[in-house]
1. Would you confirm whether or not region 190-204 contains a residue that is over 25 Å from D124 (Cβ atoms), aromatic (F, W, Y) and at pLDDT 90 or above?
2. Looking at region 45-55, is at least one residue of a type in the set (D, E) and either closer than 17 Å to A87 by Cα or at pLDDT below 90 (or both)?
3. Wholly within region 147-229, which strands (runs of 3 or more DSSP E) include no fewer than the required count, namely at least 1 residues that are without any contact (Cβ under 8 Å) to a residue 24 or more places away in the chain?
4. Which strands (runs of 3 or more DSSP E) sit wholly inside region 17-86 and have at least 1 residues that are assigned by TED's automatic domain parsing to the domain that holds Q120 and touching a residue at least 60 places away in the same chain (Cβ under 8 Å)?
5. State yes or no: is K116 among the basic types (K, R), assigned by TED's automatic domain parsing to the domain that holds R74 and at pLDDT 85 or above?
Amino acid sequence: MIKTHYPHTLLFIEDEISIRQNYVAYLKNYFQEVYEASNAEDAYVLYKQKKPDILIVDIHLPKQSGIDLIKQIREHDFSVKIIILTAHADSKFLLDAIPLQLTKYLVKPINRKELKESLQLAIDELKMYTVLPNKRVKLAENYTWDSELKELFYHNQRIELTSKEKSFLELLNSRRNKVFTYDEIFDFVWGYDEIGTLNGLKNLVRRLRKKIPENIIINLFNEGYKINLK
């Protein structure tokens, strides 16, 4: 679990004063610096000034939503880890949020155990993964995924992909080390207008594995798929 005074900085963004003060006081027991903001505008100014390692963002903020704030940050920064707070688990929201590469979403009311586990996940990601300035993620076998361009490269040579192949890799790279279930993949890759099938997914993976080494995409039997990082 999180160690006291972990050498990372955090920005907590929540408009409800009592909730914000309560959690900021709690988080100061664990992090080197904890900053706070009550709205997206102030949060963005603090983010640019302080460059925190982790953000905790409530979706419902005055004037500008938490999602819009994250989109603004993700235009140029894919290294900061982001945990989002939401009043309800909406599957459409979760799918729309995938390109934002969230570390975790927590449904309110959150307890400290859930928060602590999510923060530990963010810390583990900071330890394990490096996002390059050009927003490329290193995969196995000298392949890289460009999270901004939504393109796959091998030694800087772009690999031709179909739209569904790109969507599939985008999903797998949105949460590194996560196993995505078949239903999550069907919803994201095929969307609401098409019906995804297990055979269709297997065919998609089979075609992809003709373009890239087989061990880049890992299948866990009866669970789903994950990406293999370097």
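1. no
2. No, region 45-55 contains no residue that is of a type in the set (D, E) and either closer than 17 Å to A87 by Cα or at pLDDT below 90 (or both).
3. 151-154, 157-159, 217-220
4. Passing ranges, in order: 54-58, 81-86.
5. Answer is yes for this residue.
Each row is one residue, and each column tells you yes or no for (1) touching a Lys or Arg at 6+ places or on another chain (Cβ under 7 Å); (2) under 19 Å from K81 (Cα atoms).
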position: D146; (1), (2): yes, yes
position: K150; (1), (2): yes, no
position: Q157; (1), (2): no, no
position: T181; (1), (2): no, no
position: I195; (1), (2): no, no
position: V205; (1), (2): no, no
position: N215; (1), (2): no, no
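For (1) surrounded by fewer than 19 Cβ atoms within 10 Å (Cβ to Cβ); (2) acidic (D, E), each residue gets a yes or a no:
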site	(1), (2)
E160	yes, yes
L169	no, no
N173	no, no
G191	yes, no
T197	yes, no
L201	no, no
R209	yes, no
I218	yes, no
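The values are calculated or read from the model by the stated rules, or taken from the named source; none is laboratory data. What you are looking at is a predicted structure, and each value in this text was computed from that prediction instead of being measured. Backbone-built Cβ (ideal geometry, glycine too); neighbour counts: all protein chains shown.
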